[in-house]
Amino acid sequence: MTVKKDQWINLSFVFGVIGFIGIANSFFDEYTIRILNNIAIFTILAVSYNLINGVTGQFSLEPNGFVAIGAYVTALLLVSPEAKQYQYAIVDPYPFVLSLHANFVVALVLSGFFATCLALVLSFPVFRVRGDYLAIVTLGFGFIIKIFAINYPEVTNGSLGLNDIPEFSNLYWTGGIAIIAVITVLNIVNSKFGRAMKAVRDDEDAAIAMGVNTFKAKTFAFCTSAFFEGVGGGLLAALLTSISPDLFDFFFTFQLLIIIVLGGLGSTTGAIVGTILVMGGSEWMRFLDEPMKFFGYTTPAMPGLRMVVFSLILIFIMLFAREGIMGKKELKDLFKGRKRSAK
Amino acid sequence: MFMQQMINGFSLGSMYALIAIGYTMVYGVLRLINFAHGDIMMVGGFLGFFGVAVLELPFLAAVLLAIVGSALLGMASDRIAYRPLRSAPKISLLITAIGVSFFLENAFNVFFGGVPRAFPVPSVLEDILEFGGLTIPVSALIVPILTAMLLAIILWVLFKTKYGMAIRALAFDVDTVNLMGIDANRIITIVFGMGSALAAVGGIFWVVNYPSVDPMMGVLVGLKAFAAAVVGGIGSVGGAVLGGLIIGFTEVVVIAFFPELGGYKDAFAFIFLILILLFKPTGILGIDFEKSRF
């Protein structure tokens, strides 16, 4: 009985989102649609990032690296050979780079595929040891990707980046893939693998004692989140139409970290709520970076003040409201009443 | 030419070593990767810059200001951000550390600007000595010597004083330390102070050798120093120094002999990190934290 009710709640939510996308696409202005696109892409990223960080409890700082991979793969496949011909200003590209071309779907799938392969390679050294090496290795990985993007102009066009990427991303693509990502992640969380992941998070020793293959659970979570981060990177490239190595610095990961912490680590619903709040709030807080008037006194423009506020918010949530908005609860738990608190 | 590069490598390695000691000590007592440690080194460099360029203090006074200021900042970060989370899940502690790191970078960026500023290096340190064909800047000589002296002091504190005994006991078992009537929180704060003071010295060396300061300079150095701590064996002070020297040497020597790899120099530390995790996760001199703590 409850299962059926849960399904109804989730289904009506999905149809609500689809309806909203339809309405938004025909009635909202360009600026709002751009923000909605961003929210959809960040939902994909946040929900998948939450899988490794929140559900499996392995602190990782990888999104910017995998998003960069996805963005570059998609860009290389989508930019037409003619457009590539004049873009490579630093050195001549390899001939195969010019001949790369694919349609959008293939590009997105390959973006996810390459990110997953790299995640698999990384997981062998990292998950062999317990502890927090994942955080430092993935943080370093983000830097290495950037170093390669800059120092390999034959493929990536160096610090100039790639431009003239066809703008394939629209609300149907971003929203549609966001729904697919959310459903996939929810299904994983509620499966055998998902229970293994939560067991790893709550008590790794007990999980091992119960026969859970913790290496497999962690690697599966890591690779799944890498896949969706690669796809999200591809969508982002096709939304922004130009990418450069500087786009994927650590701030990218930091934003996602705030999103999942604010929403509640381990809750997929929380990741979505967090995305909407942080992306919306970050637009709203733009005023912080500009000159402000206090009682007739004008402060100078302080670019970057937003980030100071963000980092303070992160510290405060950790110190005083560690559960975030949703805790570990999901959408369906909100309709359950007080009888059973979800854990 | 070879000797020249050896000296440069030694100098760079010593700077990584100084910063790596802070990582390894904090990891030893709290099992925390203190992401903000690299930024504390940046604050040290900045305080030195302010001492010399803005307050017009003599160089040594500015160094003292940097050391004291950074040590206080490190202790404050522990008191405000980490202490309330002692019993929380470790992931909360790591997230807070990321928050502190990002806060320091961006606060300095907002209030002092992100443009690198030239550091006025005292002329004594800019002198160049010549030994039979070798040209050695004074700073490249002083850095390893001072590092060795500081290392001796740290080892003396750790192994010959009561505080050192408390720190080592804390790395062993926190609860028992509390039962013995030692205030574990106070010892942890002292560890933060010591580590931050060393990071400040490293920061001063850094801005003297690469004479500029900017708010983001601690990020990459901090990461490499952490990699150094892991390579040497996290939890071991000698290991941190060894790891720092290995990574410093590699960067200098590889670039001297293969200049075309220059763009990739920042990647070496991570390649070392990955290799050590694959083949000897406890590091060269490391202690296996999982099987037996010390």
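The values are calculated or read from the model by the stated rules, or taken from the named source; none is laboratory data. Since this is a predicted model, take the numbers as computed values, not measurements. With ideal geometry, Cβ positions are generated from the backbone for all residues, glycine too; neighbour counts draw on all protein chains shown.
Where residues in region B:91-102 are at the interface with chain A (Cβ under 7 Å from one of its Cβ atoms) and touching a residue at least 24 places away in the same chain (Cβ under 8 Å), which of them is surrounded by the fewest Cβ atoms within 10 Å (Cβ to Cβ)?
B:LEU94
In the list B:VAL201, B:VAL191, B:VAL207, which residue meets the criterion of being in contact with a Phe, Trp or Tyr (Cβ under 7 Å, 6 or more places away or on another chain), crowded, with 18+ Cβ neighbours inside 10 Å, touching a residue at least 60 places away in the same chain (Cβ under 8 Å) and part of a helix (DSSP H, G or I)?
B:VAL207
Got a sec? Which of B:ARG168, B:ARG186 is surrounded by fewer than 24 Cβ atoms within 10 Å (Cβ to Cβ) and within 17 Å of B:THR24 (Cα to Cα)?
Criteria check complete, one pass: B:ARG168.
Filter region B:210-219 down to residues that are assigned to a loop (DSSP other than H, G, I, E, B) and within 14 Å of chain A (Cβ to nearest Cβ) and give me whichever is surrounded by the fewest Cβ atoms within 10 Å (Cβ to Cβ).
If we take residues in region B:210-219 being assigned to a loop (DSSP other than H, G, I, E, B) and within 14 Å of chain A (Cβ to nearest Cβ), then B:MET216 is surrounded by the fewest Cβ atoms within 10 Å (Cβ to Cβ).
Please specify each residue of region A:239-280 satisfying the condition of being farther than 20 Å from A:ALA221 by Cα, of a type in the set (Gly, Ala, Ser) and buried (at least 17 other Cβ atoms within 10 Å of the Cβ).
Answer for region A:239-280, where residues must be farther than 20 Å from A:ALA221 by Cα, of a type in the set (Gly, Ala, Ser) and buried (at least 17 other Cβ atoms within 10 Å of the Cβ): A:SER244, A:GLY274.
Among (1) more than 30 Å from B:ALA225 (Cα to Cα); (2) within 14 Å of chain B (Cβ to nearest Cβ), there is one condition A:ILE165 misses while meeting the rest; what is its number?
(2)
On the basis of being touching a residue at least 24 places away in the same chain (Cβ under 8 Å) and either among the hydrophobic types (A, V, I, L, M, F, W, C) or assigned to a helix (DSSP H, G or I) (or both), does A:GLY280 make the cut?
yes
Mind counting the residues in region A:137-188 that are under 29 Å from A:ILE90 (Cα atoms) and assigned to a loop (DSSP other than H, G, I, E, B)?
Going through region A:137-188 one residue at a time, the tally reaches 10.
Looking at (1) modelled with pLDDT of 90 or more; (2) within 28 Å of A:LYS328 (Cα to Cα), which one does A:GLY70 not meet, given that it meets all the others?
It is condition (2) that A:GLY70 fails.
I'd like to know if region B:56-65 contains one or more residues that are farther than 18 Å from B:GLY203 by Cα and either more than 14 Å from chain A (Cβ to nearest Cβ) or assigned to a helix (DSSP H, G or I) (or both).
Yes, there is a match, as at least one residue in region B:56-65 is farther than 18 Å from B:GLY203 by Cα and either more than 14 Å from chain A (Cβ to nearest Cβ) or assigned to a helix (DSSP H, G or I) (or both).
Restricting to region A:199-221, count the residues that are more than 30 Å from A:ILE18 (Cβ to Cβ) and in a helix (DSSP H, G or I).
16
Of B:GLY286, B:GLY235, which residue is outside any helix (DSSP H, G or I), touching a helix residue (DSSP H, G or I) at 6+ places or on another chain (Cβ under 9 Å), without any contact (Cβ under 8 Å) to a residue 60 or more places away in the chain and within 19 Å of B:VAL26 (Cα to Cα)?
Residue meeting the stated conditions: B:GLY286.
Quick one: which of A:PHE124, A:PHE113, A:PHE96 is in a helix (DSSP H, G or I), away from chain B (no Cβ under 14 Å) and closer than 25 Å to A:PHE193 by Cα?
Going through A:PHE124, A:PHE113, A:PHE96 in turn, the sole match is A:PHE113.
Residues being in contact with a helix residue (DSSP H, G or I) (Cβ under 7 Å, 6 or more places away or on another chain) and either facing chain A (nearest Cβ under 8 Å) or surrounded by 12 or more Cβ atoms within 10 Å (Cβ to Cβ) (or both): count how many of those fall in region B:113-125.
6
Can you tell me which residue among A:LEU288, A:LEU240, A:LEU247, A:LEU236 is within 20 Å of B:PHE102 (Cα to Cα) and touching a residue at least 24 places away in the same chain (Cβ under 8 Å)?
Testing whether each residue is within 20 Å of B:PHE102 (Cα to Cα) and touching a residue at least 24 places away in the same chain (Cβ under 8 Å) leaves just A:LEU247.
Every residue, every condition in (1) modelled with pLDDT under 85; (2) under 21 Å from the mean Cα position of the chain (by Cα); (3) farther than 20 Å from A:PHE42 by Cα; (4) more than 14 Å from chain B (Cβ to nearest Cβ), yes or no:
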site: A:LEU139; (1), (2), (3), (4): no, yes, no, no
site: A:GLY142; (1), (2), (3), (4): no, yes, no, no
site: A:ILE145; (1), (2), (3), (4): no, yes, yes, no
site: A:ASN151; (1), (2), (3), (4): no, no, yes, no
site: A:GLY158; (1), (2), (3), (4): yes, no, yes, no
site: A:LEU171; (1), (2), (3), (4): no, yes, no, yes
site: A:GLY175; (1), (2), (3), (4): no, yes, no, yes
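Tell me, yes or no, whether region B:235-244 has at least one residue that is of a type in the set (S, T, N, Q) and modelled with pLDDT of 90 or more.
No: region B:235-244 contains no residue that is of a type in the set (S, T, N, Q) and modelled with pLDDT of 90 or more.
Under 30 Å from A:PHE143 (Cβ atoms) and over 15 Å from the mean Cα position of the chain (by Cα): is that true of B:SER196 in this structure?
No.
Given the structure, is A:GLY65 among the small types (Gly, Ala, Ser), within 14 Å of another protein chain (Cβ to nearest Cβ), out of contact with any Lys or Arg (no Cβ under 6 Å at 6 or more places or on another chain) and under 13 Å from A:PHE227 (Cα atoms)?
In short, yes.
In region B:79-90, what residues are more than 8 Å from chain A (Cβ to nearest Cβ), in a helix (DSSP H, G or I) and free of Cβ contacts under 8 Å to residues at least 12 places away in the same chain?
Answer for region B:79-90, where residues must be more than 8 Å from chain A (Cβ to nearest Cβ), in a helix (DSSP H, G or I) and free of Cβ contacts under 8 Å to residues at least 12 places away in the same chain: just B:ILE80.
From B:ALA107, B:ALA81, B:ALA118, B:ALA140, which residue is under 19 Å from B:ALA200 (Cα atoms) and at pLDDT 90 or above?
B:ALA107
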